[in-house]
Ligand SMILES: O=C(O)CCC(=O)C(=O)O
Ligand SMILES: [Fe+2]
């Protein structure tokens, strides 16, 4: 049944509980967003106070060789991770036809009838590793995000082939396989720069948890008032993100950033064939703060729906996190305490999005 748009409970029931999502809300016809989607002014993404990222995409094909080309690219990667914490890569080895197919598949999935998607709502999903939903933590947020998503945790191919939605599993598995190769290359460069020679078992601990999502940001009648995803940093090691040509991903600059602060927000422009890479919290911790896990958010548009396909690589839940000994030898002072990654994750799942507040959990002198 169509919701009563003036009644927050009715909207919540329709969008969140029944699983119609924002997609269902938009399809039911609306000329302005319901009140629960209106963000407080300080949480909105002010386009007027933004600039586009000028950093050209980094050409990863040169990483495969040795010598000058390799070192130059490695330096570009390190520099980007130390300053903004976001960069784009091209010639990454993930097939371009696969990227196109992922975007099409995401549109098709969210266009499926409710029954095909609602079976993956948290209370009924056949596997805890697959979850269809909307916003971030709708039960905990004051204002909801204008997005629907399907999120999967990867354990092995058999499990994925059994439980992930059949419409999307093949492309996602191929995307995961080829992107993990990219993540490993980048981590070798980033950890290598810290004086660490990571072997395979070490990398397997650091990126032992892998999640992949398809996110759908439907057309929004009031994009100035809403956010697709509010300010947050990602919790793991590195995130690989495919965004489409609509754009809308913004990084928030902050005082502590070694980046020329020209605006409050830096838009990561859509570059055909590129993947966006960002540093997440655990890489910031391991590097004792050298690499920056930047706050970012997504702005909606009134003219187009947008899709994105992120892969979140994270440590094993049991992994101990603390600044790496090689970094400590140089730095002397640790800015983060030792903790178990699973505890960090549990902490995030209990809190609505609030920028990088979560990292305080790991900061020395904060609690
Ligand atoms: O959709 C995007 O561009 C960003 C998504 C994101 O930041 C996230 O899911 O953590
Ligand atoms: Fe993110």
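Rg and Dmax over the alpha-carbon atoms of the range 242-302 stand at 12.9, 41 Å. Debye calculation, C-alpha points only, no solvent: report log10 I(q)/I(0) for the range 42-117 at q = 0.15, 0.17, 0.25, 0.27 Å⁻¹, in the same order as the q values. Values returned for q = 0.15, 0.17, 0.25, 0.27 Å⁻¹ are -0.80, -0.88, -1.08, -1.15.
Per residue of the chain, what 222 nm ellipticity follows from adding -39500 (n - 2.57) for every DSSP H run with n ≥ 4, rounded to the nearest 500?
-8500 deg cm²/dmol
Residue 38 to residue 124: FRET efficiency via 1/(1 + (r/R0)^6), r the Cβ-Cβ distance, R0 30 Å, to the nearest 0.05?
Working: r = 30 Å, r/R0 = 1.01.
Computed FRET efficiency for residue 38 and residue 124: 0.50.
Considering only the Cα atoms of the range 93-248, their convex hull presents on average a projected area of 11.0 nm².
Could you check what % of the DSSP bridge pairs in the chain are antiparallel, to the nearest 5?
Values: 44 of 52 bridges.
Given both bridge residues lie in the chain, the antiparallel proportion sits at roughly 85 percent.
To the nearest µm²/s, what D does Stokes-Einstein give for the range 8-361 at 25 °C and 0.890 mPa s, using the Kirkwood radius over alpha carbon pairs as Rh? Mind dumping the intermediate values first?
Numbers: Rh = 20.7 Å.
In µm²/s, the coefficient is 118.
Between helix 169-192 and the chain there is an angle of about 30 degrees, using the helix long axis and the longest principal axis of the Cα atoms. Within the range 1-137, all pairs of alpha-carbon atoms sorted by distance into 5 Å bins from zero give the percentages 2, 8, 12, 12, 12, 12, 13, 12, 9, 5, 3, 1, 0. Specify the angular offset, from 0 to 90 degrees and rounded to the nearest 10, of the alpha carbon long axis of helix 96-110 from the longest principal axis of the alpha carbons in the chain. Relative to the chain, helix 96-110 is tipped by roughly 30 degrees. Relative to the longest principal axis of the Cα atoms of the chain, the long axis of helix 68-83 makes an angle of roughly 60 degrees.
In terms of packing, defined here as the mean over residues of other Cβ atoms within 10 angstrom, the peptides 196-203, 234-241 line up highest first as 234-241, 196-203. Stokes-Einstein diffusion of the range 174-270 at 25 °C, 0.890 mPa s viscosity, Kirkwood radius from Cα pairs, rounded to a whole number: 149 µm²/s.
Using the number of other C-beta atoms within 10 angstrom as an exposure proxy, rank 303, 322, 313, 209 with the fewest first.
Details: 303 9, 322 15, 313 28, 209 22.
The most exposed by this proxy come first: 303, 322, 209, 313.
Every number in this text was worked out from the coordinates using simple rules, so none of it is lab data. Just so it is clear, the model here is predicted, and its values are computed rather than measured. All Cβ positions, even for glycine, are placed from backbone atoms using ideal geometry, and neighbour counts span all protein chains on display.
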